[in-house]
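Heads up: the structure comes next, in structure tokens.
The values are calculated or read from the model by the stated rules, or taken from the named source; none is laboratory data. Just so we're clear, the structure is a prediction, and the values are computed from it rather than from any experiment. Cβ placement follows ideal geometry from the backbone for every residue including glycine, while neighbour counts extend to all protein chains displayed.
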Amino acid sequence: MRLSPAQTQALEAELNPDRISFDYDGNAHVEGWDVRAALTRIFGFGMWSEVITERRLIQERFIPTDDADKTRGNWHVSWAVSILLTCWDAHGAPLGPFEGTTIETGKMPQLGGAHELARKAAATVALKRAAINLGNQFGLSLYRKPPKGAADRRPRTKAVTRTLQPGADVDAAADRAPVEPSVADTEAPATVPDAPAAAVATPPRPEAGHQPTPDAAPAARPGRRPEDVVPKRPVPVEDPAELETARAQLRDLALNLGVDPDAFDAAVVKACGVPLNDTTLAQVRALRAAIERKNTRD
């Protein structure tokens, strides 16, 4: 997992006091919608997910509030929810999963309303408890209570001031260290055709104690089902043949509609920022769909 410098800076930043809310008992917390917004803001759209691993009914009972009329009262419903939160970096490597669990109770005159209130509250609180593992921006500092007798009783806004970024210092030291020639380097090269650089490149030799991040999915913790561990998200790779076919179909569509080639090339650059030969498969499909919709309307 490699966070960008901007992501690390955002996670280490102090929690904005305007984001702190208080419940009826005066306890400070970050709202559930705010936690989701912060996850999207720091990691990106579609780059984090929550998986509910447990949702269990704890109690369901009706408690009268009127001694004269036993039909008047509230339903008390409690649900237990556990969630696994996983985030990904730009290369698809996972951060997490982090687990959050809670039991919440809903109290309503209607049974369905009590169930809905309890289930939604439990899912939100479980997500918030999983997200605090990511530091200040998700309310970790709010668990740091002021000392007894302290004059300043305001909620704390910073718990993590700096992280060591495991691997970054090791990689920097490896870049500075001289590389010893291997046995293969001292032997006479075999007579073989030149290969691409990517095929013959030797990976850097890590220093002692450095554990590289594995490409495989994280191992399940004791007591956790393997299916609960969120796998690494693959980075999509486009098929060159499929991409060229799509580009050719887009050119043919434009010609069949009588579009001037020069005007068509300019339109592609304006829409995608690059010429047609450099566009991605998603951009080509989007352009083709837009042209077909316009042609249908006309």
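Of all residues in region 275-298, which are under 13 Å from Arg247 (Cα atoms) and either at pLDDT below 75 or among the hydrophobic types (A, V, I, L, M, F, W, C) (or both)?
The answer is Leu276, Leu281, Ala282, Val284, Ala286, Leu287, Ala289.
Can you run down the residue pairs with Cβ atoms below 8 Å, 6 or more apart or on separate chains, where the first is in region 242-258 and modelled with pLDDT of 80 or more and the partner is surrounded by 13 or more Cβ atoms within 10 Å (Cβ to Cβ) and not in a helix (DSSP H, G or I)?
From residues that are modelled with pLDDT of 80 or more, the pairs are Arg247/Thr279.
Of the conditions (1) in contact with a helix residue (DSSP H, G or I) (Cβ under 7 Å, 6 or more places away or on another chain); (2) of a type outside the set (Asp, Glu); (3) more than 23 Å from Ala13 (Cβ to Cβ); (4) part of a helix (DSSP H, G or I), Ala131 fails just one. Which one is it?
For Ala131, the failing item is (3).
Among the residues of region 250-270, which ones are assigned to a helix (DSSP H, G or I) and farther than 22 Å from Asp239 by Cβ?
Of everything in region 250-270, those that are assigned to a helix (DSSP H, G or I) and farther than 22 Å from Asp239 by Cβ turn out to be Ala254, Leu255, Asn256, Pro261, Asp262, Ala263, Phe264, Asp265, Ala266, Ala267, Val269, Lys270.
Listed here are the residues, each with its yes/no results for (1) modelled with pLDDT of 90 or more; (2) aliphatic (A, V, I, L, M); (3) assigned by TED's automatic domain parsing to the domain that holds Asn133.
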| residue | (1), (2), (3) |
| --- | --- |
| Arg55 | yes, no, yes |
| Asp66 | no, no, yes |
| Lys70 | no, no, yes |
| Trp75 | yes, no, yes |
| Ser78 | yes, no, yes |
| Leu85 | yes, yes, yes |
| Ala90 | no, yes, yes |
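Pairs under 9 Å by beta carbon, first residue under 13 Å from Gly46 (Cα atoms) and part of a strand (DSSP E or B) in region 82-100, partner among the acidic types (Asp, Glu) and modelled with pLDDT under 95, six or more apart or different chains?
The qualifying pairs are Leu85/Glu50; Leu85/Glu99; Thr86/Glu50.
Restrict the check to region 103-116 and report whether at least one residue is closer than 19 Å to Ile52 by Cβ and part of a helix (DSSP H, G or I).
In the first step, residues of region 103-116 are kept if they are closer than 19 Å to Ile52 by Cβ; the result is 103-106, 115-116.
Going one step further and asking which of them are part of a helix (DSSP H, G or I), we end up with 115-116.
The answer is yes, given that some residue of region 103-116 is closer than 19 Å to Ile52 by Cβ and part of a helix (DSSP H, G or I).
Would you check if Arg61 is touching a Lys or Arg at 6+ places or on another chain (Cβ under 9 Å), more than 27 Å from His91 (Cβ to Cβ) and not small (Gly, Ala, Ser)?
no
Go through region 1-80 and tell me which strands (runs of 3 or more DSSP E), entirely inside it, have 2 or more residues that are surrounded by 11 or more Cβ atoms within 10 Å (Cβ to Cβ) and among the charged types (D, E, K, R). Explain how you work it out, then say what you get.
Numbers: elements: 20-22, 28-30, 48-64.
Ranges flagged: 48-64.
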